[in-house]
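Derivation of every value follows stated rules applied to the coordinates shown; laboratory data play no part. As the structure is a computational prediction, the values presented were derived from the model and not from experiment. Reconstructed Cβ throughout: ideal geometry from the backbone, glycine too, with neighbour counts over all protein chains shown.
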There are 2 protein chains.
Amino acid sequence: MSPQNRPQQVERWGIFELSLDGPTEDNPFLDVKFSAHFSQGHRTIAVDGFYDGEGVYRVRFMPDVEGAWRYVTHSNRPELEGAAGEFTVVAPGPENHGPISVHSTYHFAYADGTPYHQIGTTCYVWNHQGDELEEQTLATLKTAPFNKMRMCVFPKHYLYNENEPPSYPFEGSRAEGWETTRFNPAYFRHLEQRVGDLQALGIEADLILFHPYDRWGFATMDAESDDRYLRYLVARLAAYRNIWWSMANEYDLMKNKEMSDWDRFFRVVQESDPYQHLRSIHNCRPFYDHNKPWVTHASVQHSDLERVREWRTTYQKPVVVDECCYEGNVERAWGNISAQEMVHRFWLGTVIGGGYVGHGETYLHQEDILWWAKGGVLHGKSPARIAFLRRILEDSPPQGLEPVDRFGTAKGTDFYLYYFGVRQPGEYTLKLPSDRHYTVEIIDTWHMTLTPLGETVSGEALVKLPSKPYLGLRVRAI
Amino acid sequence: MSPQNRPQQVERWGIFELSLDGPTEDNPFLDVKFSAHFSQGHRTIAVDGFYDGEGVYRVRFMPDVEGAWRYVTHSNRPELEGAAGEFTVVAPGPENHGPISVHSTYHFAYADGTPYHQIGTTCYVWNHQGDELEEQTLATLKTAPFNKMRMCVFPKHYLYNENEPPSYPFEGSRAEGWETTRFNPAYFRHLEQRVGDLQALGIEADLILFHPYDRWGFATMDAESDDRYLRYLVARLAAYRNIWWSMANEYDLMKNKEMSDWDRFFRVVQESDPYQHLRSIHNCRPFYDHNKPWVTHASVQHSDLERVREWRTTYQKPVVVDECCYEGNVERAWGNISAQEMVHRFWLGTVIGGGYVGHGETYLHQEDILWWAKGGVLHGKSPARIAFLRRILEDSPPQGLEPVDRFGTAKGTDFYLYYFGVRQPGEYTLKLPSDRHYTVEIIDTWHMTLTPLGETVSGEALVKLPSKPYLGLRVRAI
């Protein structure tokens with residue numbers, strides 16, 4: 001135990017990490033219990049540690065309050081028991097707003113109160129492609145509009161996904177079987193590196209814990225192995241403030257799991273995670289019952305974005321349409337909507353629905369590098385338009401959008417957004433408070449323009465519109 | 001009774017009309033029974049006659065077999081009883097294919113076997129606008145792509161529909177009440193004239209018998225008046241081969257009617273109509289149970305044309321989406337979809353669904369002459385594209401389209417149509433019989449072009465496509 005293992009200062013919502021040397025004999029993953037208590041005043045938080053290989057044990061902690069903290073370790077091995085110390089939590093850096101949680105029933109905010117307008121994308125296994133492509137993906141993300149990435153812990157076996165990952169989560173091999181009691185720490189360190197890289201770009205990592213597209217056996221482990229894997233993963237990753245837990249991609253396609261397994265996974269994650277990061281589960285066809293109390297928000301796959309309002313009402317939680325088909329040109333129906341349709345679905349789900357939408361891109365590629373699975377570069381026309389939408393959302397009051405009429409949502413009485421989609425009304429009646437005056441701009445969602453109407457309005461006001469599809473309105477109090 | 005009342009020759013599926021002079025005292029509509037039996041060999045058809053005012057009684061008959069027919073009248077009044085005669089039914093003219101009925105479960109055909117691909121439009125009360133506008137509507141229809149018109153018997157009171165009709169179906173007035181036992185024959189003669197005008201243009205008249213948009217009281221008559229009106233209407237109009245009976249527009253908005261009323265209306269019409277013209281009922285929100293045996297085809301209002309296949313399966317009848325929103329720019333959501341969206345919905349419902357779709361147009365107009373209600377001229381861009389679709393349908397084998405895969409329908413193994421809509425696959429696998437060869441053309445549904453692929457295909461064949469939305473494929477056996 002050397003002094004450099006115990007940094008004296010850590011940012012609020014940063015990671016304090018303690019590493020101790022410990023036993024290597026037998027199976028440390030199974031035999032050694034290691035955890036720590038982190039305390040400030042009368043408050044104590046119990047945090048699981050994990051074995052990181054080569055005799056090193058670590059425990060990570062994300063402090064949520066500034067000031068002095070102290071810790072003490074606990075273990076069934078004397079060399080890991082009772083290590084104690086102190087550290088100081090200082091103010092977060094300018095880009096550090098803390099973890100995200102549900103805000104105002106249907107929306108999200110960072111822990112420091114900053115609103116978070118989820119604009120997701122999907123690169124399922126970008127983190128299994130080797131450093132060259134992974135670095136290219138990060139470079140693309142740097143200028144892309146996305147602030148959430150859906151990605152898998154396990155590698156993927158599917159159309160356009162035939163390559164082996166650089167490493168595996170367990171010792172063993174596909175041919176001879178996996179020792180699911182012996183994790184491969186390097187595999188998880190790489191995952192942590194990529195989650196950290198996303199964090200540096202301001203991107204949340206919506207980590208998919210299980211998925212059906214598997215040729216290795218990771219989708220069909222026994223219950224004990226599943227739960228052990230979940231606890232190990234949470235112990236390693238929960239201290240990353242940008243982590244979200246997605247129990248599954250297309251849970252209903254995993255025929256080896258019962259609904260009771262999914263319920264148990266939620267509980268295991270919830271029990272293990274000291275920070276209560278966001279938890280969800282994504283469907284292929286039938287939705288999971290997002291009313292269950294351990295679900296923080298509805299993560300759905302669906303193509304009809306006009307139904308977001310209905311799901312908000314059903315679940316009384318934020319609705320994130322994580323998959324609404326991808327912009328692309330593959331043969332399969334899930335991956336060939338036009339850029340215009342993708343942009344349209346974003347506006348429908350976000351502006352009419354008061355929900356959140358996810359992007360993905362699947363253009364045929366000579367080397368099968370499709371963004372939706374492997375990352376790389378973006379080829380489509382939707383991201384620029386999605387960026388335009390994000391700018392409009394961020395340049396608005398902090399509240400989430402709430403429906404006001406069939407085509408409109410509002411943030412209080414200061415700010416209204418309307419979206420007409422494939423409709424092209426030549427006139428529209430705004431119903432605004434009559435004690436205030438508002439400017440009106442016509443939004444062209446495809447051409448990314450905002451055109452002021454030239455007159456201010458108040459109360460019930462009929463505004464004249466160009467009769468063109470894919471327009472919206474931004475109405476702001478003066 | 002003069003000889004000119006009894007034409008000696010009538011076309012098959014034409015109208016034989018007999019008129020007799022009879023009593024005028026009391027209320028002939030109520031007091032006088034008048035009908036005729038039409039016979040050929042051992043076959044006899046009982047047909048109701050009707051009072052046409054000014055002492056004239058008529059009975060109309062649409063013969064369906066060529067050759068010699070005879071008739072004899074029946075009445076509770078001696079002067080109308082026992083009039084007998086003969087006439088000859090000759091071959092139909094070149095444009096006369098007879099009435100339409102259901103064919104091959106999901107489709108329609110004329111009585112002579114000619115396929116009928118329903119391409120509908122809606123001008124609810126074009127027949128209540130005075131001759132000048134009505135003649136303009138007919139001139140428009142002459143070059144428009146539509147072969148069915150949805151239209152109401154009663155006038156309409158609604159947004160953009162504030163004008164009074166030129167005449168009323170009953171004696172009386174709105175202020176003093178209607179004598180629903182005394183029809184206004186001139187009103188119905190005008191309706192017949194317009195139904196006949198449509199017939200001359202090859203257009204079916206889908207006659208809406210009741211609708212909720214009413215300020216006169218025609219939507220809230222008592223049951224006896226409703227039934228009497230239906231019997232009178234059927235007696236007058238059933239002999240027109242282009243008549244379809246639509247019990248209602250938006251039946252569910254007529255709060256004075258119970259479901260048992262709608263069931264009864266179907267039965268009254270079915271009992272009264274010697275020719276069993278097509279019968280349907282149109283909803284606003286909940287569908288009527290189109291499985292009921294008196295419903296010949298499902299007439300639905302719905303915006304999701306991807307569900308046509310499901311409704312075919314549910315009802316095992318043809319599905320006609322008579323209202324899927326209208327091309328236009330009014331404020332209300334039912335009347336402001338873009339031309340492209342209207343064309344898209346036609347292709348979805350027709351080519352993917354194996355069903356049939358209806359058009360309507362609602363562009364704001366200085367004098368409130370919106371096609372969807374009053375007719376006039378067409379302003380939109382969808383009719384030309386709908387005409388293109390109709391040409392493709394008519395230039396194909398006689399069968400109806402049956403689903404083959406998610407994006408395709410076929411007529412046997414000779415002819416396949418695919419439509420990709422907002423999807424833009426760069427390649428698509430056709431699964432064709434391997435013992436035949438096919439030409440493939442790329443259909444641009446918006447630009448109305450057919451571009452041959454340049455190679456023929458057979459069996460399972462991957463074809464390369466431009467990655468653009470709103471394309472389809474026509475695949476024809478060589």
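Tell me which residues come under 5 Å, amide H to amide H, from B:VAL404 once H is placed; ignore anything under 5 positions away on its chain.
Counting only residues 5 or more places away or on other chains, the set is B:THR409, B:ALA410.
For chain B, what is the convex hull volume of its Cα atoms per residue in Å³?
151
Within the set of other residues whose C-beta is less than 10 Å from the C-beta of A:THR180, count the net charge using Lys and Arg as +1 and Asp and Glu as -1. Write out the running numbers ahead of the final one.
Working: positive: A:ARG182, A:ARG228; negative: A:GLU171, A:GLU179, A:ASP222, A:GLU224, A:ASP226.
So the environment of A:THR180 carries a net charge of -3.
With unit charges on the beta carbons (Lys and Arg positive, Asp and Glu negative) and the dipole taken about the Cα centre of the range A:210-249, which residue among A:TYR240, A:ALA223, A:HIS211 sits farthest to the positive side?
A:TYR240
Once the Cα atoms of helix B:382-394 and of chain B are each reduced to a long axis, what angle between those two axes, in degrees from 0 to 90 to the nearest 10, is obtained?
Roughly 90 degrees, rounded to the nearest 10.
Under 12 Å from the Cβ of B:GLY358, count the other residues' Cβ atoms, weight Lys and Arg +1, Asp and Glu -1, and hand me the total.
Net charge around B:GLY358: -3.
So, with +1 on the Cβ of K and R and -1 on the Cβ of D and E, and no other charges, what is the size of the charge dipole of chain A about its Cα centre, to the nearest 20 debye?
For chain A, the charge dipole is close to 1460 debye.
Starting from the Cα-Cα distance between A:SER260 and A:THR88, subtract it from 0.36 nm times their residue separation and give me the gain in nm to one decimal. Spell out each step's value before the answer.
Values: separation 172, 0.36 × 172 = 61.92 nm, distance 4.22 nm.
Extra length from A:SER260 to A:THR88 when fully extended: 57.7 nm.
Could I have the simple spin-label model distance between B:ARG231 and B:LEU450, label points 7 Å from Cα toward Cβ, reported in nm to one decimal?
5.2
What area, in nm² and to one decimal, does the C-alpha convex hull of the protein assembly as shown cast on average over all directions?
Averaging across all directions leaves 47.4 nm² for the Cα convex hull.
Magnitude of the Cβ-charge dipole of the protein assembly as shown, K/R +1 and D/E -1, about the Cα centre, nearest 20 debye?
Dipole of the protein assembly as shown, to the nearest 20 debye: 320 debye.
Going 7 Å from the Cα of A:ARG43 along its beta-carbon direction, which residues of the range A:90-124 have the amide nitrogen within less than 18 Å of the resulting point?
So the set is A:90-93, A:97-102, A:110-114.
Taking a point 7 Å out from Cα toward Cβ as the label site, list the nm distances between A:GLN9 and the same residue in every other copy, smallest first.
Counterpart label points of A:GLN9 in the remaining copies fall at 11.0 nm.
For the Cα atoms of chain A, what angle does the longest principal axis make with the long axis of helix A:259-272, in degrees from 0 to 90, nearest 10?
Value to nearest ten degrees: 70.
Rounded to whole angstrom, how close does the nearest chain A beta-carbon get to the axis mapping A onto B, and which residue is it?
Here the value is A:ASP304, 4.
Roughly what angle does helix B:223-237 make with the longest principal axis of chain B, taking Cα atoms, 0 to 90 degrees, to the nearest 10?
The two axes meet at around 80 degrees.
Report the one residue of B:SER75, B:LEU20, B:VAL89 whose Cα lies farthest in the direction of the positive end of the charge dipole of the range B:3-90 (charges on C-beta: Lys and Arg +1, Asp and Glu -1; origin at the Cα centre).
Value computed over the given set: B:VAL89.
For B:PHE108, enumerate residues with amide H under 5 Å from its amide H, sequence gap 5+ or separate chain, H modeled in the peptide plane.
So B:PHE108 has HN proximity to B:HIS103, B:TYR116.
Could you derive backbone 3J(HN,Hα) for the range A:129-142 from the dihedral phi with the Karplus parameters 6.51, -1.76 and 1.60 (θ = phi - 60°), listing whole Hz in sequence and x where the residue is Gly or Pro?
Taking θ as phi minus 60°, the curve returns 10, x, 4, 4, 5, 5, 5, 5, 4, 5, 5, 5, 5, 4 Hz for the range A:129-142.
Just from its helices, what would the mean residue ellipticity at 222 nm be for chain A, if runs of 4 or more DSSP H residues each count -39500 (n - 2.57) and the sum is divided by every residue, rounded to the nearest 500 deg cm²/dmol? Before the final figure, lay out the partial values.
Working: 9 runs with 96 residues, N = 478.
Result for chain A, helices only: -6000 deg cm²/dmol.
Karplus couplings for the range A:336-353 from phi (6.51 cos²θ - 1.76 cosθ + 1.60, θ = phi - 60°), rounded to Hz, Gly and Pro as x?
My calculation for the range A:336-353 gives 8, 7, 6, 4, 4, 5, 4, 4, 4, 5, 4, 5, 4, x, 7, 8, 7, x Hz in order.
Could you please report the charge total around A:ILE15, scoring K, R as +1 and D, E as -1 over all other residues with beta-carbon less than 9 angstrom from its beta-carbon?
Numbers: positive: A:ARG60, A:ARG241; negative: A:GLU11, A:GLU17.
Here the count lands on 0.
Counting other Cβ atoms within 10 Å, which GluC sites (Glu not before Pro) in the range A:227-273 have at most 12 and lie in a DSSP loop?
Qualifying residues, ordered by number: A:GLU258.
Calculate how many DSSP beta bridges within chain A are antiparallel, expressed in % of all such bridges and rounded to the nearest 5.
Restricted to chain A, the bridges split so that about 70 percent are antiparallel.
List the residues, sorted by chain then number, that are 5 or more residues from A:VAL357 or on another chain and whose placed amide H is less than 5 Å from its amide H.
A:GLY120, A:VAL321
Please turn the phi angles of the range A:457-463 into ³J(HN,Hα) values with the Karplus equation 6.51 cos²θ - 1.76 cosθ + 1.60 (θ = phi - 60°), one per residue in order, whole Hz, x for glycine and proline.
Running phi through 6.51 cos²θ - 1.76 cosθ + 1.60 with θ = phi - 60° gives 10, 7, x, 7, 9, 8, 9 Hz.
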